[in-house]
Amino acid sequence: MERRTVSAPELKAQIEAERAGRPFLVFRDGQGEQVIREIAADAELWVGRAASADVHLEWDEEVSALHAQIEVVRGECTLVDDGLSRNGSFVNEERVHGRRHLRDGDALRFGQTVVVYRRPGENPPEATVPPGQLPAAATISPPRRRRGKDPPASPLREARRRRPPAEPKTRRLGRTGATDWNCQPPRVVGGVTRFTPGVPGSKRRSRRI
């Protein structure tokens with residue numbers, strides 16, 4: 001494939017196409033002249049040697065009559081080659097099987113003809129992480145980590161957990177300081193049930209059963 005230097009008029013035509021803000025194709029015809037083909041928002045462009053092809057490459061004998069298709073899907077340009085062509089379609093010298101998403105500056109080759117895809121103002125694409133290569137921290141959300149294994153208990157918390165329960169305390173009622181006799185469990189001594197409050201000096205009451 002012959003390489004030619006871009007002339008000043010050809011460069012000017014490319015700059016004007018970029019200012020229009022629409023994606024376009026740049027290639028050379030059989031006479032070596034530059035051709036710029038704008039891609040509409042809902043375009044379905046057929047590439048081939050047939051007279052009905054939108055991108056007509058009649059001079060290239062390695063191109064099939066209907067070789068491939070350039071289709072816009074939700075604002076993104078794609079190259080489709082479903083096997084209609086005998087020699088295949090290539091993007092940056094990688095053969096296309098089915099559909100391929102196009103990026104600004106991609107070199108499309110049909111037969112011996114190279115077609116450059118341009119999309120002015122396109123930001124560099126973010127790299128797609130292959131499956132199974134995500135960082136371990138990114139695979140579990142923070143809430144799920146908190147619901148997992150409990151953190152090790154501190155020595156103070158462990159000591160409080162092992163401490164025996166405190167003895168029940170008596171409860172005083174009202175301002176008179178009367179003792180609630182039901183706070184202490186009764187004791188049976190010699191057939192007599194005794195209720196003993198937990199306060200020194202309190203009177204003892206008993207009833208015979």
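What follows draws every value from the coordinates through simple rules; no lab data is involved. Note that the coordinates shown come from a computational prediction; the quantities given were computed from them, not determined experimentally. Heads up, the Cβs are rebuilt from the backbone with ideal geometry, glycines too, and the neighbour counts pull from every protein chain shown.
Under the simplified labelling scheme, the ARG22-ALA50 pair shows an inter-label distance of 2.4 nm, with each label point 7 Å from Cα along Cα→Cβ.
Under the combined filter of DSSP loop state and at most 14 neighbouring Cβ atoms within 10 Å, the stretch 1-108 retains these trypsin sites (Lys or Arg not before Pro): ARG3, ARG4, ARG74, ARG86.
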